[in-house]
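Here is the structure we will look at.
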Amino acid sequence: MNHKLELRNVTKTFSTEEGEMMALEDINIEVKPNEFLCIIGPSGCGKTTLLRMIAGLDYPSSGEIILDGDRVSGPSPDRGMVFQEFSLFPWRTVIKNVTFGLEILEVDKHEQYRIAERYRELVGLKGFENRYPYELSGGMKQRVAIARALATDPAILLMDEPFGSVDAQTRNILQEELLEIWKRTKKTVLFVTHSVDEAVYLADRVAVMSARPGCLVKCLDNAIPRPRKRTSVEVNEFRENLLMLLSLERSKACI
Ligand SMILES: Nc1ncnc2c1ncn2[C@@H]1O[C@H](COP(=O)(O)OP(=O)(O)O)[C@@H](O)[C@H]1O
Ligand SMILES: [Mg+2]
């Protein structure tokens, strides 16, 4: 796959009771095909807004989002989203959650189940096909959400703090599984997080955002060879750099 995503001068303002509020200001970034890009920044800096616009669920106030030369103008199966909060359909079983996008695309029923099976297996959900979301742990729910997002074979996987609500150990396991899926499916991944550790462990490149209005402060290449060791000297050094940048941004925001 060879999909190129570009954000050009993307600005977003919201109308609120107190007037116009600028959430994102002049974001420019080019995401390379198959790249694993982490976006990190303080709470409220516009990370979710940014992903929602790339997904086509919202639109920029000015500037444009270009995918393979075309302006993004709405949702499409070429961009799959995994949301921050568990966002499964509670009335659907695991397998019916995974087939959701395929139903919309009117894929043949047999084919739907064949594809859903493949992704269910890929995310390690054996034996849970006919369970409902309320019967699953947080980690399991996010596995289903990932399988659902992958089922339509999107070029770009948009993930909004997907592991933010699971315990630390499950989070580590899910990170490793996601890297495996990324390696096997060759997707471009945009992964929003506010965890420095997570960004260092996962990313090819880390985009650092400032507090409101969210601007892109810096993009750092993360060339640490994979598989990465969470406690290696290189990982620690990169973590230090990121922490320094973020604390600099925080202190600016307070002035
Ligand atoms: N639909 C909306 N209407 C008004 N303000 C919004 C809306 N969505 C987000 N915001 C505001 O925009 C800012 C960025 O929000 P968000 O993208 O959720 O940040 P993050 O995901 O980085 O925490 C916040 O101040 C939030 O309150
Ligand atoms: Mg958010």
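The values are calculated or read from the model by the stated rules, or taken from the named source; none is laboratory data. What you are looking at is a predicted structure, and each value in this text was computed from that prediction instead of being measured. Neighbour counts run over all protein chains shown; Cβ positions are idealised from the backbone, glycine included.
Residue count for segment 35-76, restricted to those that are touching a Ser or Thr at 6+ places or on another chain (Cβ under 9 Å), closer than 25 Å to Asp197 by Cβ and within 12 Å of ligand 1 (Cβ to nearest atom): 6. A search for C-beta distances below 6 Å between a residue of segment 160-176 that is more than 17 Å from Leu122 (Cα to Cα) and any residue that is of a type in the set (A, V, I, L, M) and away from ligand 1 (no atom under 16 Å from the Cβ), counting only pairs 6+ apart in sequence or on different chains, returns Phe163/Leu174.
Looking only at segment 196-237, filter to residues that are over 17 Å from the mean Cα position of the chain (by Cα) and assigned to a helix (DSSP H, G or I); which one of those is farthest from Gly41 (Cα to Cα)? Among those residues, the one meeting the criterion is Val233.
Go through segment 6-20 and give me each residue that's farther than 22 Å from Asp70 by Cα and touching a residue at least 40 places away in the same chain (Cβ under 8 Å). Selection gives Thr13 alone. Restricting segment 166-195 to residues that are aliphatic (A, V, I, L, M) and in a helix (DSSP H, G or I) leaves a set whose member that is surrounded by the most Cβ atoms within 10 Å (Cβ to Cβ) is Leu178. Per the listing Cys45, Cys38, the residue uniquely hydrophobic (A, V, I, L, M, F, W, C), at pLDDT below 95 and under 15 Å from Val217 (Cβ atoms) is Cys45. Put simply, of Lys12, Lys47 the only residue that is in the same structural domain as Leu190 (by TED's automatic domain parsing), over 25 Å from Leu243 (Cβ atoms) and crowded, with 23+ Cβ neighbours inside 10 Å is Lys12.
The sole residue among Ile104, Ile173, Ile156 that is hydrophobic (A, V, I, L, M, F, W, C) and over 20 Å from the mean Cα position of the chain (by Cα) is Ile104. Among the residues of segment 73-83, are any of a type in the set (A, V, I, L, M), under 25 Å from Gly138 (Cα atoms) and under 19 Å from the mean Cα position of the chain (by Cα)? Yes, some residue in segment 73-83 is of a type in the set (A, V, I, L, M), under 25 Å from Gly138 (Cα atoms) and under 19 Å from the mean Cα position of the chain (by Cα).
The residues on offer are Pro133, Pro162, Pro90, and the sole one that is in the same structural domain as Phe14 (by TED's automatic domain parsing) and either at pLDDT below 95 or not hydrophobic (A, V, I, L, M, F, W, C) (or both) is Pro162.
Among the residues of segment 110-120, is there at least one that is in contact (Cβ under 8 Å) with a residue 40 or more places away in the chain and outside the structural domain of Thr13 (by TED's automatic domain parsing)? Among the residues of segment 110-120, not one is in contact (Cβ under 8 Å) with a residue 40 or more places away in the chain and outside the structural domain of Thr13 (by TED's automatic domain parsing), which makes the answer no. For segment 129-149, check the following and say yes or no: at least one residue is within 16 Å of ligand 2 (Cβ to nearest atom), in a loop (DSSP other than H, G, I, E, B), touching a residue at least 60 places away in the same chain (Cβ under 8 Å) and of a type outside the set (Phe, Trp, Tyr). No: segment 129-149 contains no residue that is within 16 Å of ligand 2 (Cβ to nearest atom), in a loop (DSSP other than H, G, I, E, B), touching a residue at least 60 places away in the same chain (Cβ under 8 Å) and of a type outside the set (Phe, Trp, Tyr). Counting only residues that are closer than 23 Å to Lys96 by Cβ and in a loop (DSSP other than H, G, I, E, B), segment 151-165 holds 5 of them.
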